[in-house]
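K.L.:
After the structure tokens below, expect a handful of questions from me.
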Amino acid sequence: EPEVTQTPSHQVTQMGQEVILRCVPISNHLYFYWYRQILGQKVEFLVSFYNNEISEKSEIFDDQFSVERPDGSNFTLKIRSTKLEDSAMYFCASSDGGGGNQPQHFGDGTRLSIL
Amino acid sequence: AQTVTQSQPEMSVQEAETVTLSCTYDTSESNYYLFWYKQPPSRQMILVIRQEAYKQQNATENRFSVNFQKAAKSFSLKISDSQLGDTAMYFCAFMTPYGGSQGNLIFGKGTKLSVKP
């Protein structure tokens, strides 16, 4: 069964450094999402992406964050200048329909640790 | 704003028994979707079951079923004949297909379920 894959599984970065988290969505999916989960807290929506542009972003997704689909397969989340509070598990998801008509499929996540 | 509440941080159940996980939500929307996701220790979140709010019939998927009470804004998950592989974190999630939060999942804090042999 096709899966969403995320790399790396664990990223350790110094505060203030840039980090790029990578995701390969399921190949025929058109809608892409990033979520994050701070340890012990709920999973929170960051951003959704469709047709090569951001559909919606949460208040967490400030100017330090950006997303890109640099080619036909990858979907990346960049954090320009990381802060300690960016430490979290970051999940990528994709679906082939928006608005709940089709389920979102999640990757294994990338654990980001900011030192 | 929509919110999802899971009031049971942890639960345990004996293998082969039945367990029910609670979820309540708050919304002013009339049409929406509700989901249960399972996150085993291997970390990947897997969709367990989905319910469309305009459907009266409760969704079922093999050993998993929901009790959807729209008026009470309640969406509980029942796991029958629990198996060791059901040990996981279970997240209840809400989505509205309309408006500013279209297509975005809003999650509860999760319930950690342990199935004991």
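The values are calculated or read from the model by the stated rules, or taken from the named source; none is laboratory data. Keep in mind that this is a model prediction, so the values were computed, not measured. Neighbour counts are summed over all protein chains in view; Cβ atoms, including those assigned to glycine, are modelled from backbone coordinates with ideal geometry. Surface areas here come from the heavy atoms of the whole protein model, side chains and all, with no ligands, DNA or RNA. Shrake-Rupley method; radii C 1.70, N 1.55, O 1.52, S 1.80 Å.
K.L.:
Somewhere in the stretch A:71-85, is a residue in contact with an Asp or Glu (Cβ under 8 Å, 6 or more places away or on another chain), small (Gly, Ala, Ser) and within 8 Å of chain B (Cβ to nearest Cβ)?
P.N.:
No, because not a single residue in the stretch A:71-85 is in contact with an Asp or Glu (Cβ under 8 Å, 6 or more places away or on another chain), small (Gly, Ala, Ser) and within 8 Å of chain B (Cβ to nearest Cβ).
K.L.:
More than 11 Å from chain A (Cβ to nearest Cβ) and at pLDDT 95 or above - does that describe any residue in the stretch B:102-111?
P.N.:
Looking through the stretch B:102-111, at least one residue is more than 11 Å from chain A (Cβ to nearest Cβ) and at pLDDT 95 or above.
K.L.:
Oh, and also: Could you pull out the residue among B:Ser28, B:Ser65, B:Ser76 that is on the phi < 0 side of the Ramachandran plot and either assigned to a loop (DSSP other than H, G, I, E, B) or more than 10 Å from the chain's Cα centre (by Cα) (or both)?
P.N.:
Step by step, each of B:Ser28, B:Ser65, B:Ser76 is checked, and only B:Ser28 is on the phi < 0 side of the Ramachandran plot and either assigned to a loop (DSSP other than H, G, I, E, B) or more than 10 Å from the chain's Cα centre (by Cα) (or both).
K.L.:
Here's something else I'd like to know. Of all residues in the stretch B:10-20, count the ones that are within 13 Å of the chain's Cα centre (by Cα) and farther than 12 Å from B:Ile79 by Cβ.
P.N.:
Counting residues in the stretch B:10-20 that are within 13 Å of the chain's Cα centre (by Cα) and farther than 12 Å from B:Ile79 by Cβ gives 0.
K.L.:
So, in the stretch A:15-63, exactly how many residues are among the aliphatic types (A, V, I, L, M), within 14 Å of another protein chain (Cβ to nearest Cβ) and open to solvent by 60 Å² or more (accessible area, probe 1.4 Å)?
P.N.:
3
K.L.:
Another question about this same structure. Taking the stretch A:90-115 on its own, how many of its residues are farther than 12 Å from B:Gly103 by Cα, at the interface with chain B (Cβ under 10 Å from one of its Cβ atoms) and open to solvent by 10 Å² or more (accessible area, probe 1.4 Å)?
P.N.:
Residues meeting the conditions: 3.
K.L.:
Out of (1) away from every other protein chain (no Cβ under 12 Å); (2) in a loop (DSSP other than H, G, I, E, B); (3) without any contact (Cβ under 8 Å) to a residue 40 or more places away in the chain, what's the single condition that is false for A:Ser66?
P.N.:
With (1) away from every other protein chain (no Cβ under 12 Å); (2) in a loop (DSSP other than H, G, I, E, B); (3) without any contact (Cβ under 8 Å) to a residue 40 or more places away in the chain applied to A:Ser66, the lone miss is (2).
K.L.:
Sticking with this structure for a sec: Can you name the residue in the stretch B:60-117 that is surrounded by 15 or more Cβ atoms within 10 Å (Cβ to Cβ) and among the β-branched types (Val, Ile, Thr) and, of all such residues, is nearest to A:Phe91 (Cα to Cα)?
P.N.:
B:Ile106
K.L.:
Then there is this: Only residues in the stretch B:31-52 that are on the phi > 0 side of the Ramachandran plot and at the interface with another protein chain (Cβ under 7 Å from one of its Cβ atoms) count as the first member; pair them with residues that are open to solvent by 10 Å² or more (accessible area, probe 1.4 Å) and in a loop (DSSP other than H, G, I, E, B), Cβ under 6 angstrom, at least 6 apart or cross-chain, and list the lot.
P.N.:
B:Arg43/A:Asp108
K.L.:
Considering the stretch A:29-57 alone, what residues qualify as being without any contact (Cβ under 8 Å) to a residue 40 or more places away in the chain, in a loop (DSSP other than H, G, I, E, B) and farther than 19 Å from A:Gly109 by Cα?
P.N.:
Matches in the stretch A:29-57: A:Asn51, A:Asn52.
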